[in-house]
1. Collect the residues in the range 1-19 that are more than 26 Å from Asp69 (Cβ to Cβ) and either of a type in the set (Asp, Glu) or open to solvent by less than 50 Å² (accessible area, probe 1.4 Å) (or both), keeping them in residue-number order.
2. What about Glu22, is it acidic (Asp, Glu) and touching a residue at least 60 places away in the same chain (Cβ under 8 Å)?
3. Quick one: which of Thr60, Thr39 is in contact with a Lys or Arg (Cβ under 9 Å, 6 or more places away or on another chain), surrounded by 14 or more Cβ atoms within 10 Å (Cβ to Cβ), part of a strand (DSSP E or B) and polar (S, T, N, Q)?
4. As an exercise: evaluate Asp68 against (1) under 12 Å from the mean Cα position of the chain (by Cα); (2) assigned to a loop (DSSP other than H, G, I, E, B); (3) not hydroxyl-bearing (Ser, Thr, Tyr) and give the number of the one condition it does not meet.
5. Out of the range 2-36, which residues are under 16 Å from Glu62 (Cβ atoms) and at pLDDT below 90?
Amino acid sequence: MKVMIRRTSAGLSAYVPKKDLEEPIIKVEDEDLWGGAVTLKNGWRLALPDLPRDTRLPITVEARRIFDDD
């Protein structure tokens with residue numbers, strides 16, 4: 001799914017246009033952020049693609065939702 005990662009006054013957020021959903025990112029599983037998984041406030045976990053550490057925000061990426069049984 002397409003996800004826009006952007007920086008807001010409250011920190012990082014993820015916007016999913018297809019679901020018209022924007023949630024704060026509350027946990028980053030990889031210090032590098034890019035290429036790791038993030039957890040959104042609503043409980044969703046998303047796997048992000050590998051991107052350079054100095055990638056500028058906002059950026060739209062193809063992310064995959066991670067389910068507990070994955």
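The values are calculated or read from the model by the stated rules, or taken from the named source; none is laboratory data. Bear in mind the structure is a predicted one, so any value in this text is a computation, not a measurement. Note: ideal-geometry Cβ built from the backbone for every residue, glycine included; neighbour counts use all protein chains shown. Calculation scope for accessible area: heavy atoms of the full protein, side chains included, ligands and nucleic acids excluded. Shrake-Rupley method; radii C 1.70, N 1.55, O 1.52, S 1.80 Å.
1. Gly11, Leu12, Ser13
2. no
3. Thr39
4. (1)
5. If the condition is that a residue be under 16 Å from Glu62 (Cβ atoms) and at pLDDT below 90, then Leu33, Trp34, Gly35, Gly36 are the ones that fit.
Results for (1) surrounded by fewer than 13 Cβ atoms within 10 Å (Cβ to Cβ); (2) at positive phi; (3) among the basic types (Lys, Arg); (4) over 11 Å from the mean Cα position of the chain (by Cα), shown as yes or no for each residue.
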residue: Pro24; (1), (2), (3), (4): no, no, no, no
residue: Asp30; (1), (2), (3), (4): yes, no, no, yes
residue: Asp50; (1), (2), (3), (4): yes, no, no, yes
residue: Arg56; (1), (2), (3), (4): yes, no, yes, yes
residue: Arg64; (1), (2), (3), (4): no, no, yes, no
